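The structure appears right after this line, and notes come after that.
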Amino acid sequence: MKALFQKIIILVTCFLLIVPVSAKEIPPDQLVRNTVDEVITILKQDDGIKKGQKDRVLDLIETKILPHFNFTRMTQLAMGKNWSKVEAQQRKELVGEFQTLLVRTYSNALTNYRDEVIEVTPLASQPDTKTITIKTRVIQGRGREPVPIDYSMEKTSNGWKVYDVTVAGVSLVTNYRSTFNSEIKKAGVEGLIASLTKKNKSLEGQ
């Protein structure tokens, strides 16, 4: 399950790679649908990504994906009750390291795209709410079961932002919460930061 989670998660975030200038006004389901189509086209045509050029992949993620995720809220949710115990500087370090971890862990999957089809379930009506869940499925082919993926999104002054992704019933935030809690119990918040930093350094050269 962990291997599947790590392999597929970048595909579920790839719909945010190319976001239109008018994204603030686009409903969340339509935003997903439009950008899925654009991103799949790019993945099929970009020779650099297909060849596994890491700097190109990382630049793509950092410039096109990251602005559309609320990493502060994601980190807060992953920390759970421990967030209230964290000092301001530690929060800044945690958000930065967690963001880096996600980018470096999942960037490799961009080069593994193999013509999967992503289906987006349209909303019955436009949401009059600040949070919404957009449901999609990754059709893998070759007789394999489709992978259900839910995006937890919130409406902000800068448009809809993702604060959690659930793959086949496994929440990214919840998945990391157990790891974070374990690290904090062993070595405190500073120990968690050190662990994330070490992990990021080990992934840097991969």
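The values are calculated or read from the model by the stated rules, or taken from the named source; none is laboratory data. Computed from a predicted structure; not experimentally measured. Here the Cβ positions follow ideal geometry from the backbone for every residue, glycine too, while neighbour counts run over all protein chains shown. Surface areas here come from the heavy atoms of the whole protein model, side chains and all, with no ligands, DNA or RNA. Shrake-Rupley method; radii C 1.70, N 1.55, O 1.52, S 1.80 Å.
Counting only Cβ charges, +1 for Lys and Arg and -1 for Asp and Glu, the dipole size of segment 28-203 around its Cα centre is about 540 debye.
Between the alpha-carbon centres of segment 52-81 and segment 90-169 there is a gap of 11 Å. Estimated from the Cβ-Cβ distance and a Förster radius of 30 angstrom, the FRET efficiency linking Ser157 and Glu87 is about 0.65. Just the protein heavy atoms count here, and of the accessible area of segment 28-203 at 1.4 Å, carbon and sulfur take up 46 percent. Among Glu87, Glu190, Glu93, Glu116, the sequence by solvent-accessible area, most first, with a 1.4 Å probe is Glu87, Glu190, Glu93, Glu116.
Radius of gyration (Cα atoms) of segment 100-184, expressed as a multiple of 2.2 N^0.38 Å: 1.28. Bridging of Lys155 to aspartates and glutamates at a Cα separation below 20 Å is possible for Glu25, Asp29, Asp128, Asp164, once same-chain residues fewer than 8 apart are set aside.
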